[in-house]
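Reviewing the structure listed below.
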Amino acid sequence: MGDVPPYSSDAVHKSIEKIAHNAIARYMYESNWYGNAERGFRNGAFDQTLPPVTGPTGTVEVVHRVTGGWGTAETPTPPPGAKFTGESHPPTAIVAYHYQVDPWEDIYLPWIQKIGSLFEGFKDLPDPADFEGPIASMQAAVGALTPLESAGTSEGDRDGDKFTSAGLASDLSTLSRWISPDTPGAWSGATIYAFDTAYGTERIKAVLHNQAQLAIMLGIVLQGEKNIWERARRDTMALMKDAEKAFDPTGSGIGINFDVVKALVDIVGEFIPPAYSKVWSVGSTALDLIGGMLPAKEADNVESKITGGTVEELYNSLWGEIVKLDTKIYEQENDLQTSLEKLLGEIASSPASNFHIHPDKGIEQGLEGGTLNVDPEIIGDIGYNVVPRIASTMARGAEKAQEADKYLIWYRTRVGMASQGPYQEWHQLLGQLDAVATGSARELTEAGRLLAVAGHGIKRVDEETKDATKGLKDELDRGEYGYDNSDADHVPPPPGGPSNY
């Protein structure tokens, strides 16, 4: 595909015109009229040349003059669609046969329309570049939900925009150290037990792990769509260039391989942010939830060849190859949709506690009473700083995921799946991630506050906590304490629906 021009609506339009012009030339050649769309067409037995294919021509008369014999020889073929209008006997011929034809209406336009209709929908394929921003947003969401000791320099600051995974790991370690039955001087029974069971480090890690996999599925579908349209655009231009050669009366097509069938081969590796590639490496237990739901990692070659001895045969062959390309695009999107549907089904059938920190209605009741033998300053720092910072990672994940919701970038008029591909399932999964991430963040923040209050903790909010929770008020406000995933047909949409354009 080295000589294939870049895809654009204008390039598709020009190629359609070229294919149509070559189809017209081959059609005329089959009727013994020779030439091309730029100069027009001529048959040596007729006095006139048909005009070029540049627009409406009006009716043209062509005349065949018989200059010898009695005119009984076989009459040469008039232009396709021409009507015999009579004979005459001019001084320069024994007899002249007159025909009238409208080249534009009878010959040119029908072929232009036939070829153009074949590529309906291929002029406005989704732009893969439009998926780059949403992919970056979803990578940030995955980063926010992934506790990692060292996330690399690109994630090495906590400025309210990028999450520091090392900070999350540190906060989880601090929480584990002070809030557990084994911590000397802190363990006092019901209150600590209630917090550790409902909101402790192990619960947080498990919930973060599963929420991150929801974000990964959302991200790899975006990556898959980007790859599909990159390759579909190349395949479209390659097929069109091959069609130009196939319809050329002096040439023939050589065939191509459709590249779109390999669009999903490595979408996990392409999507996972570099800093997290070791943690989320393909085949690791980190992908245990969605690993079996992902599209196949291998794809066979799919050849395309336009064949035929006549222009009609070539036309029918081209139609079949376009259908084949459209089908392969559909199959790739269908694989993504199937992955989304499997994960949505898994969410509906799994315990709600797999994704939400505390899916029961209301805050864990065990935090409302009990006594704590703790240092008020330590418990205050944990409740008012450490726990909110951990909670902010979930809220930040939801915030970044919301930025990826740009539904118009999925739109196409005909090619592939419906008008927006698997967007509706993607949007449903985004709604689930938003519900569990914002709800968990809100409840975890409140649970931390109640823990600090129970221990008479000193309320001091440090600058790191302010930075970590910066800009997350909307996410925390819309979070809900309860979470019910028992109704598979009810998937809560993100707030306000698809609002980004």
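The values are calculated or read from the model by the stated rules, or taken from the named source; none is laboratory data. Treat the numbers as computed from the prediction; the structure is a model and nothing was measured. So basically every Cβ, Gly included, is an ideal-geometry build from the backbone, and we count neighbours across all protein chains shown.
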Within region 236-272, tally of residues that are assigned to a helix (DSSP H, G or I), within 29 Å of Gly291 (Cα to Cα) and either among the β-branched types (Val, Ile, Thr) or in contact with a helix residue (DSSP H, G or I) (Cβ under 9 Å, 6 or more places away or on another chain) (or both)
7
Residue ID - nearest to the chain's Cα centre (by Cα), chosen from residues in region 297-337 that are aliphatic (A, V, I, L, M) and either in the same structural domain as Gln428 (by TED's automatic domain parsing) or under 18 Å from Trp229 (Cα atoms) (or both)
Leu336
Kindly indicate whether any position in region 345-357 is out of contact with any His (no Cβ under 8 Å at 6 or more places or on another chain), of a type outside the set (Ser, Thr, Tyr), surrounded by fewer than 24 Cβ atoms within 10 Å (Cβ to Cβ) and outside any helix (DSSP H, G or I).
yes
Top-ranked residue of region 413-450 - restricted to ones that are of a type in the set (S, T, N, Q) and part of a helix (DSSP H, G or I), ranked as nearest to the chain's Cα centre (by Cα)
Gln424
Report yes if some residue within region 124-142 is part of a strand (DSSP E or B), surrounded by 16 or more Cβ atoms within 10 Å (Cβ to Cβ) and not charged (D, E, K, R); otherwise report no.
no
Looking at this structure, is Glu333 touching a Ser or Thr at 6+ places or on another chain (Cβ under 6 Å) and crowded, with 22+ Cβ neighbours inside 10 Å?
no
Top-ranked residue of region 18-34 - restricted to ones that are part of a helix (DSSP H, G or I) and among the aromatic types (Phe, Trp, Tyr), ranked as nearest to the chain's Cα centre (by Cα):
Tyr27
For Val374, all conditions in the list (1) at pLDDT below 90; (2) within 20 Å of the chain's Cα centre (by Cα); (3) crowded, with 23+ Cβ neighbours inside 10 Å hold save one; what is the number of the exception?
(2)
Can you report the number of residues in region 176-192 which are at pLDDT below 80 and surrounded by fewer than 17 Cβ atoms within 10 Å (Cβ to Cβ)?
8
